[in-house]
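Right, one structure below, let's go through it.
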Amino acid sequence: MNKVQFSEYLKDIVTKEGVLSSCYSTFHNYSLLNQLLASSQLKGRGQNLAPIASYKRWQELGRQVKKGSKAIALLMPVLVNKKDAEGNKTDDKMQLFVTRNNWFSLDDTEGAEFKPEVKIAAWNKDKALETLNIKETSFQSVNGNSQGYASDREIAINPLAVLPHKTRFHELAHVVLGHTSEGLMSDSELTAKNIKEVEAESVAYILCDLLGLEGAKESRGYIQHWLQSESISDKSAQKIFGAADKILKAGQ
């Protein structure tokens with residue numbers, strides 16, 4: 001079982017354009033991180049991006065995995081027992097993600113004709129807000145620099161926001177990431193660099209880039225500015241991918 005470096009995948013998509021959209025159109029049935037994992041492995045083998053499925057699923061589709069084909073590893077959640085200070089297992093459970101080599105590319109199979117569905121990412125604001133149980137309220141801040149803010153399970157977007165959709169993704173991310181449980185999150189050009197801002201803006205970047213919306217370039221610049229010489233931890237990167245997935249799927 002190989003350890004997956006979540007932060008490396010996040011760094012890759014922040015510095016390279018077009019990665020997310022190509023992955024999503026091919027692997028849309030999987031999480032964002034698993035899309036990137038599949039893409040990386042196929043490219044590493046010199047293969048083109050192509051639909052993936054388990055051995056059993058390809059058989060159900062009338063195709064057989066070619067002899068000698070190597071399976072692709074994706075992340076799967078597993079529940080394990082926590083351990084106490086002495087290293088003994090307790091009854092408390094915790095969720096971990098492990099890799100399993102269970103998937104094969106279309107190009108590794110043969111048999112009945114298969115026409116893959118190419119899906120374009122789409123997102124509906126009202127549906128997302130309802131699904132996430134988040135309310136968008138009128139903007140009440142007197143701070144003219146503030147693009148938006150989030151508090152508890154409410155967000156507000158400045159009517160004069162330069163990129164309102166990017167700001168909305170950013171504020172939604174604060175809620176989904178759990179930042180607002182710690183108090184009001186107010187974002188402006190003067191916001192100090194901290195990990196919460198990096199996490200929220202990274203989610204906004206991913207969604208803007210994936211949906212083909214304006215703002216990805218600006219978002220990437222903000223992330224790099226806030227990070228400066230620091231790096232995003234694996235824990236934060238995992239949270240970022242999870243929040244982006246949740247917000248995306250809520251609006252579909």
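Let me know the shape class of region 1-146, please: from the alpha-carbon gyration tensor, a ≥ b ≥ c as square roots of the eigenvalues, rounded when a/c is under 1.5, otherwise prolate if a/b is greater than b/c, or oblate. Oblate is the answer for region 1-146, as a/c is 1.5 or above yet b/c matches or exceeds a/b.
Sorting the segments 236-246, 56-66, 98-108 by their mean number of nearby beta carbons within 10 angstrom, highest to lowest, gives 236-246, 98-108, 56-66. For K93, the aspartates and glutamates whose Cα comes closer than 17 Å to its Cα, not counting residues fewer than 8 places off in the same chain, are D84.
Seen from L32, the other residues with C-beta closer than 13 Å to its C-beta sum to a net charge of 0, counting Lys and Arg as +1 and Asp and Glu as -1.
Of the accessible area of region 1-41, computed with a 1.4 Å probe over protein heavy atoms only, carbon and sulfur atoms account for 44 percent. For G251, the residues whose amide H sits under 5 Å from its own are N124, ignoring neighbours fewer than 5 places away on the same chain, with H placed 1.01 Å from N.
Over 18 Å between Cα atoms, which of K166/K246; K125/K166; K16/K125 qualify? Exceeds cut-off: K16/K125. Local charge for D91 was computed over the other residues whose Cβ lies under 13 Å away, with Lys and Arg +1 and Asp and Glu -1, and equals +2. Only lysines eight or more places from K115 in sequence, or on another chain, were considered; those with a Cα closer than 23 Å are K43, K56, K66, K67, K70. In a simple Cβ point-charge model (Lys, Arg +1; Asp, Glu -1; nothing else charged), region 1-80 has a dipole of about 400 debye relative to its Cα centre. For region 106-252, the carbon plus sulfur part of the accessible surface works out to 50%, probe radius 1.4 Å. Counting DSSP beta bridges in region 108-252, what percent are antiparallel, to the nearest 5? Beta bridges within region 108-252, antiparallel portion: roughly 70 percent. Dipole check for the chain: with +1 at the C-beta of Lys and Arg, -1 at the C-beta of Asp and Glu, and the Cα centre as origin, the magnitude is about 980 Debye. Averaged over its residues, the chain has an accessible area of 55 Å² per residue, based on protein heavy atoms and a 1.4 Å probe.
The values are calculated or read from the model by the stated rules, or taken from the named source; none is laboratory data. Keep in mind that this is a model prediction, so the values were computed, not measured. Using ideal geometry, Cβ is built from the backbone for each residue, glycine included, and neighbour counts are taken over all protein chains shown. These accessible areas exclude ligands, DNA and RNA; they are computed on the full protein's heavy atoms, side chains included. Shrake-Rupley method; radii C 1.70, N 1.55, O 1.52, S 1.80 Å.
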